[in-house]
Amino acid sequence: MTLDRRSFLKLVGAGAGAAGLPMIGRAAELMPKGAKRVVVVGGGYGGTIAAKYIRMMDKSIEVVMIERNDHFISCPFSNLYIGGILKDLSPLTIKYDKLAANHGIKVVQAEVTAIDPAAKVVTTSKGTVSYDRLVLSPGIDFRLEDMKGYDAAAMEIMPHAWKAGPQTVLLRKQLEAMKDGGTVVLSVPLSPFRCPPGPYERTSMIAHYLKAHKPKSKIVVLDANPAIASKGPLFTKGWKDNYAGIIDYRPAKKVTEVDAGKMTVLIEGLEDVKGDVVNVIPPQRAGQIAVAAGLVGDDKNWCPVNPNTFESTKQAGIHVIGDASNAGAMPKSGYSANSEAKICATNIVALMNGKELTDMSGINTCYSYITDKEAVSVAAVYAAKDGKIVAVPNSGGVSPADFSAAKMEAIFAESWLKNILTEMST
Amino acid sequence: MTMKLKGWALAGSVLAMSAVAHAAPPSPTMLANACAGCHGTNGGSAGPTMPSLSSQSKAAVVDAMKKFKSGERPSTVMGRLAKGYTDSDFEAMGEFFSKQKLHVTSQQVDAAKVKKGASLQEEHCNRCHNEDGREGKDETPVMASQWLPYLQMQMELYQSGKRKMPEKMAEKVKPLSAGDIDALLHFYASVK
């Protein structure tokens, strides 16, 4: 296959800033396209489900799922590993072999380096793949320009652990190695970010670990937001009842810079805070591939989409689901990504068959653990209204304020995980 | 020329807008798929405290959802979620799940209890829980192959009075011992 000038420039452009760039000679067409093909980029909460449901609804559509890893580790529940409640990450890890075999999905393990929306071709580290429609579920990347000093080397000293995997393991190891009487510093970026209650669940789980193993220690939470960004009253009560004297929560403290050598974080150039373990959750935007493809909106961070199809309003033929999308009222959660993937799949199948679209109906259900035996939840139903995704009025909400359901919800949360990961992997 | 192009562009955007505006209301599949993150693909649950919805009758789904919505049936998230739907949404969900085949689970059950439960259910349960719990009379839910922890949780809710037992069921359950009930739940969990 000969490269046209456009693809050549894209390749050179993509390779220029990246280490381990693909050789131009290898960018041959990886798999010839048949009549109808959807390419899905990303094998997480959104991508696996989009690939599966397209195949469930229309076997005549070929689905190629491209993912850089041969497995996926769930961010939901990874805080329980950090808090010492889960022994390892195996209950959070899925592989793709059964999903691929059960549904006839072609899984390609490769890195996507460029997208050409006009030619409808994605370039990967193993070659190019053509598509009729493209679904991007790339998750998040970090806005490192908004966190001075936080480079790849600093991440190995001050882990973010906001993408589950080696970073998650590193943070737990650091907590285990810390002396009793030490200080953990956790920084929370301004909303919106992946998993709105996530930083506060992490705070709870770290506090749980400290209370059990290092009771003289504390955790300082520096939150860029004016208040806890999700399930606020529940976390406040949970912390007061369980972790008084351990959690030092400081709202409106925006960390803008780190010094990994000194183990300090700097709050808007005014105040620095030192930790023995420092967990920096940086500001975020859509995964880099979505940014490079010109899919982010005026906010330069997230991808605006049509509420029924999740088709980008910036590029026809490309759909963006999960954390990377701006899905109106739907939060950046694993369950949202699952729900969005099914809405997107339903209407992609309709579009590719010349059928009428169906209005979206979505759900989010998300649990946060406060202790090893208590969890709180938020649940909501979403519908399309006037071209936007809105929460259905007078529905949804959070757990009872008195924690009367918290023990039951901790049990239900385990089944939540089991079901959603089974959906993704079979 | 410019005007003409603008006209075309406008026509195009109007078409695009009307395509959005004319989307059909959420279909049974659209509504039901959103449930599957917790209840499993097509309603076949892999989580031991979440019920399978596959093969439940329309009447059973509608009855359960209405009771969650009103608060008559106790719940954690289900009441909050049910408030986001209309009765016709519930019927659409029920239509979808009633068409799915029974989700068969493999779980550890006590063989002696299963045997005891099998004989007890004939006298006490099968007038409503038909076909070894694979079917149900009217709004009676399918019990076959449900996860034992789920069945046990529901029985606890019934016996504590938090979930209201239908009158006929209360009559039938009254003479049963705790051991009898335990055996019955093992039986239903074992049905394939």
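Since every read-out is calculated from the coordinates, none of them should be taken as a lab result. Bear in mind that the values here come from a model prediction, so they are computed numbers and not experimental data. Cβ sites come from the backbone with ideal geometry, for glycine too, and all protein chains shown count toward neighbours.
Under 27 Å between alpha carbons, and skipping anything fewer than 8 positions from A:LYS300 in its own chain: which lysines qualify? Within the straight-line limit of under 27 Å, A:LYS300 reaches these lysines: A:LYS10, A:LYS120, A:LYS148, A:LYS163, A:LYS253, A:LYS254, A:LYS314, A:LYS332, A:LYS342, A:LYS385, A:LYS388. With the gyration tensor restricted to C-alpha atoms of the protein assembly as shown, the semi-axes of the equivalent ellipsoid amount to 41, 34, 22 Å, longest first. Protection proxy ranking for A:398-404, A:262-268, A:362-368, using the average of other Cβ atoms within 10 Å per residue and placing the highest first: A:362-368, A:262-268, A:398-404.
If a helix is a whole DSSP H run, which ones in chain A reach 18 Å or further along their own axis (Cα) and hold a mean Kyte-Doolittle hydropathy of at least 0.0? Don't jump to the answer; show the numbers that get you there.
Values: long enough: A:198-213 (22 Å, -0.66); A:334-352 (27 Å, 0.54); A:406-425 (28 Å, 0.18).
Correct list, ordered by number: A:334-352, A:406-425.
Percent of alpha carbon pairs in chain B separated by more than 26 Å? Cα-Cα pairs of chain B separated by over 26 Å account for 39 percent. The number of Lys pairs in segment B:51-101 with C-alpha atoms less than 24 Å apart, excluding pairs fewer than 8 positions apart on the same chain, is 13. From least to most packed, judged by other beta carbons within 10 angstrom and beginning with the fewest, A:THR183, A:THR346, A:THR93 follow the order A:THR93, A:THR183, A:THR346. Farthest toward the dipole's positive end in segment A:212-364, which of A:ASN225, A:THR264, A:PRO215, given Cβ charges of +1 (Lys, Arg) and -1 (Asp, Glu) about the Cα centre? Final value for the positive-end residue is A:PRO215.
Within segment A:86-182, the proportion of Cα pairs with more than 16 Å between them is 74 percent.
Positive contributions from Lys and Arg (+1) and negative ones from Asp and Glu (-1), summed over other residues with Cβ under 10 Å from the Cβ of A:LYS274, come out at -2. Would you list which aspartates and glutamates come within 13 Å of B:LYS172, measuring only between C-alpha atoms, while excluding same-chain residues fewer than 8 positions from it? Output for B:LYS172: B:GLU122, B:GLU123, B:ASP180. With a 10 Å cut-off around each Cβ of B:79-91, the average count of Cβ atoms from other chains is 4. For segment A:13-159, the dipole from Cβ point charges (+1 on Lys and Arg, -1 on Asp and Glu) about the Cα centre works out to 620 debye, to the nearest 20.
Loop-only trypsin sites (Lys or Arg not before Pro) in segment A:318-405, please: DSSP not H, G, I, E or B, and at most 14 other Cβ atoms within 10 Å.
In loop regions of segment A:318-405 (DSSP not H, G, I, E or B), the sparsely surrounded trypsin sites (Lys or Arg not before Pro) are A:LYS355, A:LYS373.
When both bridge partners sit in the protein assembly as shown, DSSP labels roughly 55% of those beta bridges antiparallel.
Where the eigenvalues come from the Cα gyration tensor of segment B:51-101, what are the semi-axes √(5λ) of the equivalent ellipsoid, largest first, in whole Å?
18, 11, 8
Which one of B:PHE97, B:THR86, B:ALA178 is farthest out on the positive end of the charge dipole of segment B:47-192, using unit charges on Cβ (Lys, Arg +1; Asp, Glu -1) and the Cα centre as origin? The one lying farthest along the dipole's positive direction is B:THR86. Based on the Stokes-Einstein relation at 10 °C and a viscosity of 1.306 mPa s, and on the Kirkwood radius from alpha carbon pairs, segment B:102-192 is assigned a translational diffusion coefficient of 122 µm²/s.
Estimated purely from DSSP H runs of n ≥ 4, each contributing -39500 (n - 2.57), the mean residue ellipticity at 222 nm for chain B is -17000 deg cm²/dmol once divided by its residues.
With +1 assigned to the C-beta of every Lys and Arg and -1 to the C-beta of every Asp and Glu, and no other charges, what is the dipole magnitude of segment A:147-283 about the Cα centre in debye, to the nearest 20? All intermediate terms of the calculation are to be shown ahead of the outcome.
Values: 19 positive and 14 negative charges, 85 e Å.
In total the dipole reaches around 400 debye.
Restriction of the GluC sites (Glu not before Pro) in segment A:27-97 to DSSP coil positions whose beta-carbon has at most 12 other beta-carbons within 10 angstrom yields no sites. If you look at the Cα atoms of segment A:147-283, you get an Rg and a Dmax of 13.7, 38 Å.
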